[in-house]
Amino acid sequence: MAEKWQQEWRGKWALITGASAGIGLELAKLLAAEGANMVLTARRIDRLQKLAADLSSQHGIRTEVFSADLTRPEAPGEIYAFTANKKIEIEFLINNAGFGAYGNAYKIPAGTMLEMVQVNCSAVVHLTRLYLPGMVQRRHGDVMIVASLAAFQPLPYNACYAATKAFDLLFAEGIAEEVRPHGVRVCALCPGSTVTEFQEVAHQPDRAFKNAETAEKVARVGLEAQAAGKSYVISGFMNRLMKEGQRLAPRSLVTKMAAKMMRASDS
Ligand SMILES: NC(=O)c1ccc[n+]([C@@H]2O[C@H](COP(=O)([O-])OP(=O)(O)OC[C@H]3O[C@@H](n4cnc5c(N)ncnc54)[C@H](OP(=O)(O)O)[C@@H]3O)[C@@H](O)[C@H]2O)c1
């Protein structure tokens with residue numbers, strides 16, 4: 001079946017953060033199948049090397065891997081230097097790496113929340129700021145920022161995480177408008193619950209993942225929206241419906257309902 005984004009990134013370079021698992025890994029597979037070359041980054045280098053080897057042999061694409069821990073403020077600069085030294089022109093920057101932490105904000109270690117802000121927000125801003133000028137100068141390029149359905153409302157017991165994703169969404173939408181006249185597209189992909197390693201990493205309760213989508217489907221929705229020039233997209237009909245419902249109800253009620261649904265057992 002022909003993909004809606006066919007030919008969009010063929011022979012060009014994409015850079016994916018968080019390519020070792022979940023949505024990032026599925027984005028890599030879909031882009032490789034369409035002939036995009038790829039720089040894959042995350043902390044788990046063994047996984048990246050295996051993925052890169054598989055994608056290169058299956059699709060005849062060029063791949064590079066770079067291990068980076070985005071909790072380190074220096075990491076985005078190191079990733080940029082890696083691609084610059086190899087004279088790789090990044091056509092498609094995918095800011096996907098991220099994580100959450102479930103529970104009472106007054107109990108989650110401060111360090112965990114600060115690292116979350118660093119990975120989910122600061123690294124996104126930094127990488128985007130590094131790669132965007134080249135795209136604007138060339139008058140073409142794409143940036144995807146993986147936000148979340150959680151970006152649209154406060155989420156008790158995931159308060160810090162939802163706030164980081166609201167930041168991602170607003171940042172993406174704002175710069176999308178700025179760079180559109182320069183031929184550059186920016187899109188925030190907003191998944192609802194998705195079957196990945198996220199739930200385990202964040203210690204999220206199962207009830208929040210009852211109707212979770214597959215990472216492959218979410219990745220596909222993101223690439224379609226990117227190619228269509230949308231500034232954000234929510235994956236899944238029920239998720240879009242939920243977002244519309246949230247908009248109509250009073251904000252305090254929406255927050256109370258979310259708290260009821262997500263309440264931590266130790267609160
Ligand atoms: N799954 C969901 O329900 C859901 C819903 C909405 C939005 N999202 C968003 O989707 C994005 C992808 O998450 P996912 O669901 O695919 O989760 P995942 O399976 O846990 O994958 C997360 C990816 O981010 C990377 N990562 C995490 N911390 C990192 C760090 N400190 N430095 C560098 N890379 C790091 C991980 O690689 P390493 O561990 O190898 O470093 C991994 O490749 C995230 O931004 C998440 O917030 C997920």
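Every number in this text was worked out from the coordinates using simple rules, so none of it is lab data. Owing to the predicted nature of the structure, the values given are computational and were not obtained by experimental measurement. Note that we place each Cβ from the backbone using ideal geometry, even for glycine, and neighbour counts take in every protein chain shown.
Cβ-Cβ contacts under 7 Å between residues 6 or more apart (or on different chains), taken from a first residue in region 96-121 that is at positive phi to a second residue that is away from the ligand (no atom under 13 Å from the Cβ) and among the hydroxyl-bearing types (Ser, Thr, Tyr), are listed as GLY103/TYR157. Here is the figure for region 248-260: residues that are surrounded by 13 or more Cβ atoms within 10 Å (Cβ to Cβ), within 15 Å of ALA208 (Cβ to Cβ) and out of contact with any Leu (no Cβ under 8 Å at 6 or more places or on another chain) total 2. Pairs are defined by a Cβ separation below 7 Å, a sequence spacing of at least 6 or placement on different chains, a first member in region 18-37 that is touching a residue at least 40 places away in the same chain (Cβ under 8 Å) and at positive phi, and a second member that is within 13 Å of the ligand (Cβ to nearest atom) and in a helix (DSSP H, G or I); the pairs so defined are GLY18/GLY24; GLY22/PHE198; GLY22/ALA215. Of all residues in region 72-119, exactly one satisfies the criterion of being away from the ligand (no atom under 15 Å from the Cβ), of a type in the set (Asp, Glu) and in a loop (DSSP other than H, G, I, E, B), namely GLU89. Taking into account only those residues within region 33-55 that are more than 11 Å from the ligand (Cβ to nearest atom) and farther than 18 Å from THR83 by Cα, which is surrounded by the most Cβ atoms within 10 Å (Cβ to Cβ)? Out of the qualifying residues, it is LEU55.
The set of residues in region 170-212 being part of a strand (DSSP E or B), buried (at least 18 other Cβ atoms within 10 Å of the Cβ) and in contact with a Ser or Thr (Cβ under 9 Å, 6 or more places away or on another chain) consists of ARG185, VAL186, CYS187, ALA188, LEU189, CYS190, THR194.
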